[in-house]
Amino acid sequence: MAWSSPHAVLNIAAGGLLAGQAYVDVISANIANVNTNGYKRARLDFQELLTRLSGGDMTRTGVWPAQVTHLFEQGALRSSANPLDLAIEGEGFFRLRLPDGRTAYTRDGSFHRDAAGTIVNADGFPLIYEGGIPEGALELHVNPDGSLMARVETANGQEWQQVGTIRLARFINPAGLLTEAHNLFLPTAASGAAQVGTPGQEGLGEIIGGALEGSNTDLSQAMTELIIAQRSYALSLRALQQADELLALAVQLRR
Amino acid sequence: MIRGLYSAASALVAGLFRQELIAHDLANLNTPGYKAASTRLSDFATMLLARLPAGMGPATPLGRLTHGVQTGAAITDFSPGPVQATGQPLDLAIQGEGFFRLRTPDGERFTRDGRFSLDANGQLVNVNGYPVLGANGQPIRLGFGQVRVDPNGTIYLNDQPAGQIGLAVFADPAASLQRSENGLFAAVGAAPTGGAGGTIQQGYVEMANVDPATTMTHMLAVMRAYQAAQRIIQIEDEMLGRAVNDVGRVP
């Protein structure tokens, strides 16, 4: 004969509420970042929660959010007048040097030159690339294969010269990357080590100069998900309320 | 009357158990691959009810009366859930029979939840990191590049064949499978019966087979049954109180 307990029936419904809350939180983050360059939308993966009792039986304990993963579909590109606004079309990440020496990765390619002439992103973190920009470079341009071109004065007049190469990094499991503030990703054991390569080769994406990649949040999809999340929350709430009413009836059996 | 009390009490116990299953189903409304649970309600063994005659003759049998209701263990409904398009290349859904096979430290487990990714070594794994087994019973190793899975379960990496998804088919999943940790299913006794299994759809995930409308209707039924049982207990208690306190009272 199978039986339940007040603890079990209330906790399962409460777990459903917490899961619904987490679901709404994740969707809200996606919606809030609909205009963030290079933002990759998050997905919450749920799993059934069961506990093994000492007797060996499995008992139902509700649901839990197993992990938050990010989905790396391509965002839409829009053009920009700044030649150092870079977008990646395809797989890959730009490499940044953090102040503490670690390497971070990002899809947000809004770069500019700081007072010292270093190529940095909006937060001042330098872009990691091979080469260097000479003094007196008049104009910069980045080719799809990552070659950094500068227009310089030479004996023959002005001409374009390659002064560096921007390579991209990729990971076997980008969903395993850790997200940090400011659109940054950090590698973990789950993501695998960064593999650096030339843009456009062996499946790596190309760099589009003078363009920025938008967020890959699809507003209509996010709103639909929000409705589903709200309905699920309401259903678990009903289950919790009814469990409470049943227990109240049992308590009132004998006045 | 005591018999009536226990009978009604069994309805309360059954009601709370059914509420637990319903709460668990509703909590897992958005869990891919989740299979709803229900319970089988049956009578306790019946007993013979007889009427004692006036005088000391033999009793006249009236009929059988059951002691109340008992709940069996929860049974799982393995009908397919709705399939949702996600567009993720490593999200797979099974159209038809069969389960994905996973290798876990506790043995082989089965699931319909096809949300897969690659681990740091390029192995195909599920959300818990357990390797997905191919038709040859071994984990599937992929690498960088475009992954395509055709309806037969053949995996192509950059258009080169790189593996085959293995499906386990059970003739009677409800009898052969039991829920285990993380909502994965373990085989009890029977090994997979084999068979072709269904087709694989890439970019789709099978969602929970819980129907909110039906579940809410069950919940209403549980509430009414519980209220009715509680009322019976109160009435029985009142009658018992009268029998104890009022019968044979000498004014």
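Which of rounded, prolate, oblate describes the protein assembly as shown, given a ≥ b ≥ c as roots of the alpha-carbon gyration tensor eigenvalues and a/c under 1.5 marking rounded, otherwise prolate only if a/b is larger than b/c? Prolate shape, in that a/c is at least 1.5 and a/b is the bigger ratio. Taking B:ALA190, B:ALA93, B:ALA120 as the candidate residues, the one with maximal mean-square fluctuation in a Gaussian network model of chain B, Cα springs under 10 Å, is B:ALA120. Between the amide H of B:VAL83 and those of B:MET207, distances stay under 5 Å, these residues lying 5 or more places away or on another chain, with hydrogens modeled in the peptide plane. With everything on Cα atoms, drop me the angle between helix A:219-251 and the longest principal axis of chain A, reported from 0 to 90° to the nearest 10. Approximately 20 degrees, to the nearest 10. Between A:ASN156 and A:ARG231, the FRET efficiency from the beta-carbon distance, with R0 = 51 Å, is close to 0.15.
Take every Cα pair under 8 Å whose residues are at least 6 apart in sequence, average their separation, divide by the length of chain A, and the relative contact order is 26 percent. Here chain A is treated with +1 on each Lys and Arg Cβ and -1 on each Asp and Glu Cβ, and its dipole about the Cα centre works out to around 1200 debye. With the charge dipole of the protein assembly as shown set up from +1 on Lys and Arg Cβ and -1 on Asp and Glu Cβ about the Cα centre, the Cα lying farthest toward the positive end among the listed residues A:ALA189, A:VAL34, B:PRO151 is that of B:PRO151. Rounded to the nearest 0.05, the FRET efficiency derived from the C-beta distance between A:LEU247 and A:ALA22 at R0 = 25 Å is 0.45. Quick one: Debye curve from the C-alpha atoms of chain B, no solvent, what's log10 I(q)/I(0) at q = 0.13, 0.14, 0.15, 0.18 Å⁻¹? Each listed q maps to, in turn, -0.87, -0.95, -1.04, -1.32. Between B:SER79 and A:LEU138, the simple label model (points 7 Å from Cα in the Cβ direction) yields a spacing of 7.5 nm. A simple rule links phi to the HN-Hα coupling: the Karplus curve 6.51 cos²θ - 1.76 cosθ + 1.60 with θ = phi - 60°, which for region B:113-119 gives 7, x, 7, 10, 8, 9, 7 Hz, with x for Gly and Pro. For region B:83-206, averaging the sequence separation of C-alpha pairs within contact (under 8 Å, six or more residues apart) and dividing by the residue count gives a relative contact order of 35 percent. Here the relative contact order of chain B, from alpha carbon pairs under 8 Å that lie six or more residues apart, stands at 26 percent.
Of the whole protein surface, A:ILE227 contributes about 100 Å² of accessible area at a 1.4 Å probe radius.
For region B:83-206, a crude dipole built from +1 on the beta carbon of Lys and Arg and -1 on the beta carbon of Asp and Glu, taken about the Cα centre, is about 120 debye to the nearest 20. Rolling a 1.4 angstrom probe over the protein heavy atoms with all chains in place gives the protein assembly as shown an accessible area of 48 Å² per residue.
The values are calculated or read from the model by the stated rules, or taken from the named source; none is laboratory data. In this text the structure is predicted, and so the values were computed from the model without any measurement. Neighbour counts are summed over all protein chains in view; Cβ atoms, including those assigned to glycine, are modelled from backbone coordinates with ideal geometry. Heads up: the accessible areas ignore ligands, DNA and RNA and are worked out on the full protein's heavy atoms, side chains in. Shrake-Rupley method; radii C 1.70, N 1.55, O 1.52, S 1.80 Å.
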